[in-house]
Amino acid sequence: MVAQSKLNQVWQPTSVQRRTRAVVLLLVLVLGLGRKYWARIVQKYLKRGASRPVAHGKAQRRGGKSTLTLAQGLEQLYYPTGDADGAIELLVPMRGGVSKVPIHPTSRATFDRNFDAFSLPPPVTKDAMLRRKKQLGFFGHVSAAQVRKIRDAEGKIAPAAGESITSASALRVNVDREFFRQLRAIFRILIPSTHSKEVYVFLLHTFFLVMRTYLSLLVARLDGAIVKSLISADGPGFLRGLGVWFALSLPATYTNAMIRYLQSKLAIGFRSRLTRYVNDLYLGPRRNFYKVMNLDNRLEAVSQYITSDITNFCEIISELYSNISKPSLDIIIFLWQIGSGLGWRGMAGVMVSYYIASLTLRAVSPPFGKLAAVEAKLEGQFRNAHSRMIINAEEIAFYDGASTEEGILNRLYSALVKHTEHIMRLRIGYGFSEDFVLKYTWSAIGYMVIAIPSFAAREQAEKAAVGEQNAEVMKKMSTGIASQTESYVSNRRLLLSLADAGSRLMYSYKGIAELAGQTSRVYSLLSTLHLLDRDVYQSVPRPADLPASRPFFDLGHIQGKVELDKPVVQLDLAPIVTPAPGQARGGELLVKELNLKVSPGEHVMITGPNGVGKTAVARVLAGLWPLFAGKMDKPLNEDMIFLPQRPYLTTESLRDQVIYPYSYQEHIETGRTDADLMDILRHVHLAYLPDREGGWSTRKEWKDVLSGGEKQRMGMARLFYHTPKYAVLDECTSAVSTDVEGLMYAHAKDVGITLITISHRPSLFKYHTYLLDLKGEDGTYNFINILGDQQELTLEQEADELEAKLSDVHAWKHRLSEIQKELSFSQS
């Protein structure tokens, strides 16, 4: 038989084929062991670097395991590499020691280059989605000019009533051109160049996928040959087959292990690139972490986007490649092998069954992409509610609001459970259809296909037996049965592998749908961060019923001008406005056209009732809130420091609490010592802390260790450590006694720090030159020169007191007449 002769050629290879297969298997082992393994072997024999000493700094930059102890590594945190891109060697605790990880920050040029790809947010309405599809290419291609045109057209489209932006975009998820556009944009980060490490992992993963298909083909043929040896009672052939079986088991199992390893390696590589890119954008110098939570409402529970959603996306996309490429390759090769034995009719029948099955499954498949996106949104809301309760635990306990919070948590969890149960119910019908089509129907079709040549061979054998001797006929029939059995077993294994490949390929459609949901969420995160990085906020139209004389403050139309690196702090005609992202009413005006100039040495105190905008002025000066109009001049950020009323304390060492936001490496580069830090603590009356807490390297949860006054004095210690040109102090000494507070303010002036203080304490007047009194009445204010107008201020206060007394003159006269009447009555 033709098929049998081909099998014998494979089963009995030539010497050239043997050498080729040996080289292939050797290549599998070499590639599988990896670059690091062979690098260690080469270093061992060449003894690289043994002939010359290496400087400590250079040794620290070579990667691998560090010689530092765990405590030293936690304190040091990182070493600078000296590279132009600002790369560092991060010290990471690992297995009781410290491992060094190279970190290369994302450059500003990379963010600018990727802006057009991420500047188009996902559509929030069905009409917007349909219009956008018409402007996208087949695989989501769109030019930069079209992106800007679409963004301008959709800029003021709001989601339907009752929908947030997150839920609205989740409901528009589908495997369409928009999905491919978003995926193309994300791949700019996952694989930034053809020389990326992930490209080599991807190629190695592909090699092992091809190798597994090849080994599956060999195993199928070997399985048929072993069965043939059993039926033919060929003992030596059977033993030889078992030996080859065990010989093939080694590369086969190793290949399977490497496929799983490389798939996980690819997922970790993708996650590392995405996480570092997002962190560089999220925690960059433009403070997008603040903007995304306070000046924008497009993302809910941003922490879930950065942690859970990125992880799920990377795992799905790395798994999906294996579930698509390997089955596709299996189908092509196995169909070719089956077609060579069963003919084109058998191959055509299998292909037609695949096509019908794919249409059937697609017709009954639920919208898994939308369901996955909504589920992720509900998970984020539930997690965010728990986080909010943890942050505000003390306030909730004071109000005794546990029952209310429990109701909120139960409602969110019930919504999540309801949605999950809905998905489970949909999967019952889909799972029934999937198993029936992929397992049973395809298996039956496979048996039918491989049965055709068997029945045909039997009919030919019966015809050939006419007129021949019985012994000769029996011998031929025995040989034919063995050959047919071998062919049947081999084809059956190939068909089972083919059915498994087809089922995994069909399963992958569900994976693609889930990938669409995760892609939408990851893209939404990246798109929002890129837009906020360029100060592109949500825009809302001016309300039709708003009077023309009343100003409308929209985050989408910021007209203020900010100039940095100036010697003074100055505001000219600058309105102080509370931002209202996504709100139709716009921002709320607190202070109208503020004019303020603070030169070096001219200290300003801001006072006024609660809610008039004192802290808002500090936020505008810090650049946290936008300047909607007017002009602001200010020094560079490193020349200003802002101390809030509630100091932020890290979980690092006591030394880190003083030098924050500097790292230990930056502290070392300043040349300061622990003696300098102790001198700073003496000025804030905290010199006892190192002895009380166990030294400078002690690591604790400092927000629970220090009292309220100690926390605020630690904030002042940071002020004296950094000694900026300007300091904005927002009630940062409200829990400190007035005598210690006065000493710290006096020391701040002595070291040359210009103070902008927000406080209600009159005792602080004497440390300032000017007083900015915010009235809160239609945004009005008074600016008073405390030193120059001290006498005028005193006279005004005395006049106010006299006017208050004169207003009671009538009552006093009435009382005087009553007393005189009583006296005259008593005398009589």
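The values are calculated or read from the model by the stated rules, or taken from the named source; none is laboratory data. Bear in mind the structure is a predicted one, so any value in this text is a computation, not a measurement. No Cβ is skipped: glycine too gets one built from the backbone with ideal geometry, and neighbour counts run over all protein chains shown.
Quick one: would you say residue 554 is surrounded by 17 or more Cβ atoms within 10 Å (Cβ to Cβ), within 30 Å of residue 531 (Cβ to Cβ) and among the charged types (D, E, K, R)? Yes; evaluated as a whole, the condition is true for this residue.
Residue 523 meets all of the listed conditions (1) at pLDDT below 80; (2) buried (at least 19 other Cβ atoms within 10 Å of the Cβ) but one, namely (1). Taking (1) surrounded by 15 or more Cβ atoms within 10 Å (Cβ to Cβ); (2) under 21 Å from residue 287 (Cα atoms); (3) without any contact (Cβ under 8 Å) to a residue 12 or more places away in the chain in turn, residue 639 satisfies each apart from (3). Considering region 309-360, and only residues there that are within 30 Å of residue 523 (Cβ to Cβ) and among the hydroxyl-bearing types (Ser, Thr, Tyr), the residue that is modelled with the highest pLDDT turns out to be 311. The set of residues in region 236-295 that are more than 24 Å from the chain's Cα centre (by Cα) and either assigned to a loop (DSSP other than H, G, I, E, B) or under 26 Å from residue 102 (Cβ atoms) (or both) contains only 258. Here region 296-326 is the region considered, the condition is being outside any helix (DSSP H, G or I) and charged (D, E, K, R), and the residue that is farthest from residue 538 (Cα to Cα) is 300.
Beta carbons closer than 7 Å, at least 6 apart along the sequence or on distinct chains, pair a first residue in region 403-424 that is among the small types (Gly, Ala, Ser) with a second that is surrounded by 14 or more Cβ atoms within 10 Å (Cβ to Cβ) for 415/378. If you go through region 303-317 and pick out every residue that is free of Cβ contacts under 8 Å to residues at least 60 places away in the same chain and small (Gly, Ala, Ser), you end up with 0. Summed over region 280-302, residues that are modelled with pLDDT under 90 and more than 16 Å from residue 624 (Cβ to Cβ) total 6. Within region 137-194, the set of residues being among the hydroxyl-bearing types (Ser, Thr, Tyr) and modelled with pLDDT under 75 comprises 164, 166, 167, 169.
May I ask you to say which residue of 707, 663 is closer than 30 Å to residue 762 by Cβ, surrounded by fewer than 20 Cβ atoms within 10 Å (Cβ to Cβ) and within 37 Å of the chain's Cα centre (by Cα)? On inspection, the qualifying residue turns out to be 707.
Scanning region 557-572 for residues that are of a type outside the set (D, E, K, R), surrounded by 13 or more Cβ atoms within 10 Å (Cβ to Cβ) and assigned to a loop (DSSP other than H, G, I, E, B) returns 557, 558, 560, 568. Picking from residues in region 753-773 that are part of a loop (DSSP other than H, G, I, E, B) and touching a residue at least 40 places away in the same chain (Cβ under 8 Å), the one that is surrounded by the fewest Cβ atoms within 10 Å (Cβ to Cβ) is 760. So, of the residues in region 63-82 that are in a loop (DSSP other than H, G, I, E, B) and surrounded by 12 or more Cβ atoms within 10 Å (Cβ to Cβ), which turns out to be modelled with the highest pLDDT? Among them, the one singled out is 81. Of the residues making up region 673-692, those that are over 18 Å from residue 74 (Cα atoms) and either surrounded by fewer than 16 Cβ atoms within 10 Å (Cβ to Cβ) or in contact with a strand residue (DSSP E or B) (Cβ under 6 Å, 6 or more places away or on another chain) (or both) number 10. Here residue 645 meets the list (1) touching a Cys at 6+ places or on another chain (Cβ under 7 Å); (2) over 23 Å from residue 715 (Cβ atoms) almost entirely, failing just condition (2). Among the candidates 227, 219, the residue that is β-branched (Val, Ile, Thr), in contact with a Lys or Arg (Cβ under 8 Å, 6 or more places away or on another chain) and touching a residue at least 24 places away in the same chain (Cβ under 8 Å) is uniquely 219.
One line per residue, one yes/no per condition, for (1) in a helix (DSSP H, G or I); (2) of a type in the set (D, E, K, R):
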site	(1), (2)
680	yes, no
697	no, no
704	yes, yes
720	yes, no
732	no, no
741	yes, yes
749	yes, yes
